[in-house]
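Just so it is clear, none of the values below were taken in a lab; they were calculated from the coordinates. Every value quoted in this text rests on a predicted model; they were computed, and no experiment measured them. Please note: Cβ atoms are built from the backbone with ideal geometry, for glycine as well, and neighbour counts cover all protein chains shown.
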Amino acid sequence: DFFLSMFVLFSNRTMKNPEGEFACQFQALGLGYFGIASMFWTCAGANATLRVLQSAVTMQGSQREKLMRIFIPLCQCLPILPAVMPFWFQAYGHAGGWCWVKAKGNSINSAETIRLFGWYLWAWAA
């Protein structure tokens with residue numbers, strides 16, 4: 001959440017310079033990646049806690065290592081996909097108070113569709 005907060009603070013800088021397209025896209029990428037990674041790590045922690053509570057004993061070292069071999073790729077690598085997806089559609093840009101998927105896309109529903117597949121479906125799944 002530290003890096004997510006840094007990208008939110010970065011928005012103040014990018015919004016003062018609307019011509020800074022690279023900075024805006026960089027901020028949008030960071031918000032997308034770290035936001036989804038944060039959700040995934042929260043779910044991973046909840047899953048590990050549930051496993052400990054269900055077994056009523058502490059996890060052994062090998063069990064923890066097995067979970068981490070699952071959680072690390074899932075929580076660190078999988079969020080890359082929805083974070084870079086808007087680049088394929090040139091959809092990152094100014095979106096109100098920060099940089100994210102542009103407020104208006106190429107067609108009427110394109111921005112909403114990209115936001116749905118790039119953020120909201122992942123949030124609902126988490």
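Using 0.36 nm per residue and subtracting the Cα-Cα separation, the extra length available between residue 2 and residue 74 on full extension is 24.0 nm.
How would you order 95-101, 66-72, 26-32, 83-89 from highest to lowest mean count of nearby Cβ atoms within 10 Å?
So the peptides 95-101, 66-72, 26-32, 83-89, ranked by packing, come out 26-32, 95-101, 83-89, 66-72.
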